[in-house]
Structures are given as structure tokens and as C-alpha cells.
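Let me begin by presenting the structure, written as C-alpha cells, before commenting on it.
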Amino acid sequence: MKLNTIAKLCCPFDKHNLQLRILAQDFDQNVIEGILSCKTCQRNYPIIYGVPIMAPDEYRQTALEQPVIDRWELDHQPDPLRSLPE
């Protein structure tokens with residue numbers, strides 16, 4: 001996902017700005033893996049394979065996100081996605 005596209009996103013729940021933590025980029029500086037965080041509602045939205053997962057909590061598929069989350073836990077402390085729903 002391009003950085004200028006990410007800058008246009010807001011939290012789908014409270015419409016506040018999101019902070020970006022980049023974990024992996026390609027040669028063109030596109031974000032491949034990262035975390036978008038809303039400081040207001042404390043939600044985290046992972047970017048997986050260049051796609052931000054911004055679905056409502058009840059529609060999130062943790063099983064699909066878990067392999068990437070596990071890799072981040074090994075490489076990045078503390079765990080930024082601890083608030084993901086089960």
C-alpha cells in the first residue's frame with residue numbers, strides 16, 4: 001500500500017487519524033506489513049500483504065491474521081496487536 005494512500009485513511013469507528021508503524025516495505029517504499037493504530041479508541045488494524053484489515057471486530061478473521069501477528073511478536077516487542085479479538 002502506498003504511503004500517500006495510507007495518509008488518507010481514518011479509523012472506521014470514530015473517524016480519528018491513524019498512526020502508522022511500518023514493519024516491512026518493498027523496494028518502491030510501499031507498505032507490505034504494518035500496523036495502523038487509533039489512539040482514541042485503542043484499536044489496531046494490521047496491514048497484511050499490503051492490505052489494511054479494517055473490518056469491524058465481529059468480522060475479523062484472526063486465523064488469517066495470526067501467522068503474521070506471530071511473526072511480529074518474535075521480531076517486535078511489545079506486542080502491538082494484543083487487543084485483537086479472539
- request: Residue by residue through region 24-66, note down the ones that are outside any loop (DSSP other than H, G, I, E, B), of a type outside the set (Val, Ile, Thr) and out of contact with any Lys or Arg (no Cβ under 9 Å at 6 or more places or on another chain).
  value: 24, 25, 45, 46, 52, 58, 59, 63, 64, 65, 66
field: Pick from region 59-86, criterion at pLDDT 70 or above and under 20 Å from residue 6 (Cβ atoms), ranking: surrounded by the fewest Cβ atoms within 10 Å (Cβ to Cβ)
entry: 65
Flag if residue 40 is modelled with pLDDT of 90 or more, β-branched (Val, Ile, Thr) and either surrounded by fewer than 18 Cβ atoms within 10 Å (Cβ to Cβ) or at positive phi (or both): yes
message: Of the residues 56, 12, only one is surrounded by 13 or more Cβ atoms within 10 Å (Cβ to Cβ) and touching a residue at least 40 places away in the same chain (Cβ under 8 Å); which?
response: 12
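The values are calculated or read from the model by the stated rules, or taken from the named source; none is laboratory data. Source: prediction; values computed, not measured. Neighbour counts are summed over all protein chains in view; Cβ atoms, including those assigned to glycine, are modelled from backbone coordinates with ideal geometry.
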